[in-house]
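Inspection log for the structure reproduced underneath, given as structure tokens.
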Ligand code: AMP
Ligand code: MG
């Protein structure tokens, strides 16, 4: 009998932070996929996880000794409107483990059955969204973006009812924690300042130990602002659209969380929206930075009672902190795009150069990912002919390219190193929507998980050309284009 060395710090918080609840067993659990490298990093026993007891745990059919088995309480602004009580309606925290490097992680089952927070939901997840989250979160990790991870996916052998009847599945999610902006809002909305302080101090100890000290709650707010500014800047440099940036879906640790209707942009356009529930484009690609700031403002509001006894003083402290978001975000964004363009030095006009490329891409319907990849491939050549062919407005690209080449002349680094750096930051493979949809269709309609395995493998090495897998770098043809994605509910 192998056991997992759980150390459940969140479950040691007062009872009003969560509901104790056991997963609801499923009919016929079948392991689809275990993330063995991640399991090893977490110090988990891979053979045990793949065996009957492990699969029982990963499907919610049997809890190992020491598991927490709780659903956490949180609130949140959803599309701008406040819900004072959301909480884990279909996710159950197995517990926390400490990895080989001493870092603490949550293991959570998503789709493990109803909880006291389920409202009218069934507590379950369908196979399609589970595969989507598995693929996209693992792709994000390979791209170097802070994210929750996928440890395992299991078929339940049961059917879930959505618009149609679909196979059910459970995802085991790994996160630095599942504490969200909405967790703070939950206690703030109840005027429970004691809980707010306990939560803040828990988060400081767990995620931001450098903030400990006298002004620790302001330091915490500033640290979360910095983490989320950095995170969203990374999203913007890879074309990632989260799709449902509600405050309950924004991790306090600054990880990408809640892969519902998320998608990567193909052709560059800042107003791109895929989510079928985002009718007004609130969470469009180009809106993500101001929305992140809006969400952080909600966090600051929740923290006000901890920032100063005097309300107006607390507000001005919070406002000063929030004012750091824009400059921090901009700095991160520019740094990211400079690297994408092979620029190691800083010039004031670089901002214009970056903007001009994005504008040209937008006007010419160019594929965001491929443009940067081809610039990387062709940086050492006379001209970027393959990149040029991506643009519907090649003359505009020529003008931009001439500017870029002039700018590169003022770089001191070796051309070889520049090429290598660019190839290491501009991916060839991203989880393109049409490919994810094809994987899901094969799995759901034909019980065929082979395409999932292949795509997962390709996305694990996004910066390396993989002979035989050129197909996965290709943007969708007109008839393959996916216009809407649906959240996992
Ligand atoms: P999401 O849009 O996935 O962030 O979910 C928003 C809220 O709805 C969270 O409180 C979820 O736990 C809850 N929820 C989503 N899907 C379900 C479901 N199938 N059953 C119960 N609760 C759900
Ligand atoms: Mg959520």
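The values are calculated or read from the model by the stated rules, or taken from the named source; none is laboratory data. Note that the structure is a prediction, hence the values are computed from the model and not measured. Every residue, glycine among them, receives a Cβ derived from its backbone with ideal geometry; neighbour counts consider all protein chains shown.
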What are the residues in region 212-261 that are at pLDDT below 95 and either closer than 23 Å to residue 138 by Cα or within 12 Å of ligand 2 (Cβ to nearest atom) (or both), if any? 260, 261
From 175, 195, residue being more than 30 Å from residue 367 (Cβ to Cβ), within 16 Å of ligand 2 (Cβ to nearest atom), at pLDDT 95 or above and surrounded by fewer than 22 Cβ atoms within 10 Å (Cβ to Cβ): 175
Filter region 248-306 down to residues that are over 30 Å from residue 198 (Cα atoms), over 16 Å from the mean Cα position of the chain (by Cα) and buried (at least 22 other Cβ atoms within 10 Å of the Cβ), then give me how many there are. 3
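Results for (1) touching a strand residue (DSSP E or B) at 6+ places or on another chain (Cβ under 6 Å); (2) in contact (Cβ under 8 Å) with a residue 40 or more places away in the chain, shown as yes or no for each residue.
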residue	(1), (2)
245	no, yes
266	yes, yes
293	no, no
297	no, no
300	no, yes
315	no, no
For region 107-124, give me each residue that is in contact (Cβ under 8 Å) with a residue 24 or more places away in the chain and within 8 Å of ligand 1 (Cβ to nearest atom). 111, 114, 115, 117, 118, 119, 121, 122, 123, 124
Residue list for region 433-456, restricted to those being crowded, with 16+ Cβ neighbours inside 10 Å and outside any helix (DSSP H, G or I): 449
Residue hits (region 71-105; touching a helix residue (DSSP H, G or I) at 6+ places or on another chain (Cβ under 9 Å), in a loop (DSSP other than H, G, I, E, B) and more than 13 Å from ligand 1 (Cβ to nearest atom)) are 80, 99, 100, 101
Evaluate the following for residue 366: is it free of Cβ contacts under 8 Å to residues at least 60 places away in the same chain and touching a helix residue (DSSP H, G or I) at 6+ places or on another chain (Cβ under 8 Å)? no
Given the conditions (1) modelled with pLDDT of 95 or more; (2) over 19 Å from the mean Cα position of the chain (by Cα); (3) more than 29 Å from residue 165 (Cα to Cα), every one holds for residue 443 apart from (3)
State yes or no: is residue 160 within 16 Å of ligand 1 (Cβ to nearest atom), free of Cβ contacts under 8 Å to residues at least 40 places away in the same chain and in a strand (DSSP E or B)? yes
Of these, 218, 231, which one is surrounded by fewer than 21 Cβ atoms within 10 Å (Cβ to Cβ), assigned to a helix (DSSP H, G or I) and in contact with a helix residue (DSSP H, G or I) (Cβ under 9 Å, 6 or more places away or on another chain)? 218
Output the residues belonging to region 423-432 that are surrounded by fewer than 23 Cβ atoms within 10 Å (Cβ to Cβ) and either touching a strand residue (DSSP E or B) at 6+ places or on another chain (Cβ under 6 Å) or over 15 Å from residue 240 (Cα atoms) (or both). 423, 424
Taking the stated definitions as given, is residue 44 more than 16 Å from ligand 2 (Cβ to nearest atom) and in a helix (DSSP H, G or I)? no
Pick from 238, 257: which is within 12 Å of ligand 1 (Cβ to nearest atom) and assigned by TED's automatic domain parsing to the domain that holds residue 209? 257
What about residue 281, is it away from ligand 1 (no atom under 15 Å from the Cβ), free of Cβ contacts under 8 Å to residues at least 60 places away in the same chain and closer than 19 Å to residue 293 by Cβ? yes
